[in-house]
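The values are calculated or read from the model by the stated rules, or taken from the named source; none is laboratory data. Not measured: the values here are computed from a predicted model. All Cβ positions, even for glycine, are placed from backbone atoms using ideal geometry, and neighbour counts span all protein chains on display. All accessible areas refer to the heavy atoms of the entire protein, side chains included, with ligands and DNA or RNA removed. Shrake-Rupley method; radii C 1.70, N 1.55, O 1.52, S 1.80 Å.
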Number of protein chains: 2
Amino acid sequence: MLNMKTFAVLAEPTRRLLLDSLLEGAQSVNSLVDRIGMSQPVVSKHLRILRDAGLVLVKPDGQRRLYSVSPAPLAELEAWLEPYRKLWNERLNSLEEHLDEME
Amino acid sequence: MLNMKTFAVLAEPTRRLLLDSLLEGAQSVNSLVDRIGMSQPVVSKHLRILRDAGLVLVKPDGQRRLYSVSPAPLAELEAWLEPYRKLWNERLNSLEEHLDEME
DNA sequence: TTGATATATATCTTTACAGTTATATATCGG
DNA sequence: CCGATATATAACTGTAAAGATATATATCAA
């Protein structure tokens, strides 16, 4: 079911940076290298890991490879987060009530 | 601002297991040890890390320590996730439209 | 106080993984 | 075909961290 490796993959700051960069649209490896200021092998390695995790897609474009975000696995995060979201909403609500009482 | 160490802390499966256990209410260290089947030092160590990350709170209760979830840092996850959620919603919508067209 | 229980921490070992460097593969232009 | 460009991968190194074991600290009960 839930492939929880997604968490580990996203734990790496460089990989989140890559995903964030790809939010603005598909990009080649080298443009990502320029953007995040890491060596090309490092970027390729991280992209490989993101790809294995289903978080990005590749589309060959001549000699380049265009990477884009594939957000489906993030639904796991969302799902895991849900019961906790309820918790913190409750607490926000009771804080609000508390503030209302103080008025 | 955003303390992205939260991601790394949550990347560890045992720690997510601990948090999930605590969703059912505050618990002592030993009850968590029994629940997740790991050694007491391991559990204490992970709880320490969760505590440093602000993800759990401790309340001394005699010789025990009652741990409970403190969900505030998870708002970071939520925030980071947001632009991606938009992405996958868009894709769900276009899938829907596509299915509608096929009818 | 003493022994038992509950938890924390220190030390050690092993493993996983990020980054570097060097090299391989593939595709372009001429 | 050839050199240049774009990307992937292999091999190596250093480091961080998870789990095991042993021990320290604190609180209970008698």
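Note on A:K86: accessible area approximately 120 square angstrom, rounded to 10, probe 1.4 Å, nucleic acids and ligands left out. Each Lys or Arg adds one and each Asp or Glu takes one away; over the other residues whose Cβ falls under 14 Å from the Cβ of B:N93, this sums to -2. For segment B:5-102, a crude dipole built from +1 on the beta carbon of Lys and Arg and -1 on the beta carbon of Asp and Glu, taken about the Cα centre, is about 940 debye to the nearest 20.
For B:I49, neighbours were defined as the other residues whose beta-carbon sits under 11 Å from its Cβ, and their charges (Lys and Arg +1, Asp and Glu -1) total +3.
Normalising the average separation of contacting C-alpha pairs (under 8 angstrom, six or more residues apart) by the number of residues puts the relative contact order of chain B at 27 percent. In sequence order, segment B:63-71 has phi-based couplings of 7, 9, 10, 9, 9, 9, 6, 10, x Hz under the Karplus curve 6.51 cos²θ - 1.76 cosθ + 1.60, θ = phi - 60°, and Gly or Pro positions carry x. The residues packed around A:M38, meaning those with a beta-carbon under 12 Å from its beta-carbon, carry a net charge of +1 if Lys and Arg are +1 and Asp and Glu are -1. Rolling a 1.4 angstrom probe over the protein assembly as shown with all protein chains present gives an accessible area of which 52% lies on carbon and sulfur atoms. To the nearest ten degrees, helix A:13-22 and the longest principal axis of the Cα atoms of chain A are 80 degrees apart. Prolate is the label for segment B:5-102, because a/c, from the alpha-carbon gyration tensor with a ≥ b ≥ c as root eigenvalues, is 1.5 or above and a/b exceeds b/c. Derived scalar couplings between HN and Hα for segment B:43-54 equal 4, 4, 5, 5, 5, 4, 5, 4, 5, 4, 7, x Hz in order, rounded to whole Hz, by the Karplus curve 6.51 cos²θ - 1.76 cosθ + 1.60 (θ = phi - 60°), x for Gly and Pro.
Accessible surface computed residue by residue for segment B:5-102, with neighbouring protein chains in place and a 1.4 Å probe, gives 57 Å² per residue. Across peptide B:37-46, the mean count of Cβ atoms from other chains lying within 10 Å of each residue's own Cβ comes to 0. Look at the stretch B:72-80: the mean tally of other chain Cβ atoms within 10 Å of its residues' Cβ atoms is 4. Label-to-label distances for B:G54 across copies, nearest first, come out at 3.2 nm, using points 7 Å from Cα in the beta-carbon direction. For the rotational copy relationship between B and A, the axis lies nearest to a chain B beta carbon, identified with its distance in whole angstrom as B:A11, 2.
Would you mind checking A:K45/B:K86; A:K5/A:K45; A:K5/B:K5 for any pair whose Cα atoms are more than 21 angstrom apart? As for pairs spanning more than 21 Å Cα to Cα, those are A:K45/B:K86. Hand me the GluC sites (Glu not before Pro) from segment A:1-95 located in a DSSP loop with no more than 16 other Cβ atoms within 10 Å, in residue order please. Qualifying residues, ordered by number: A:E24.
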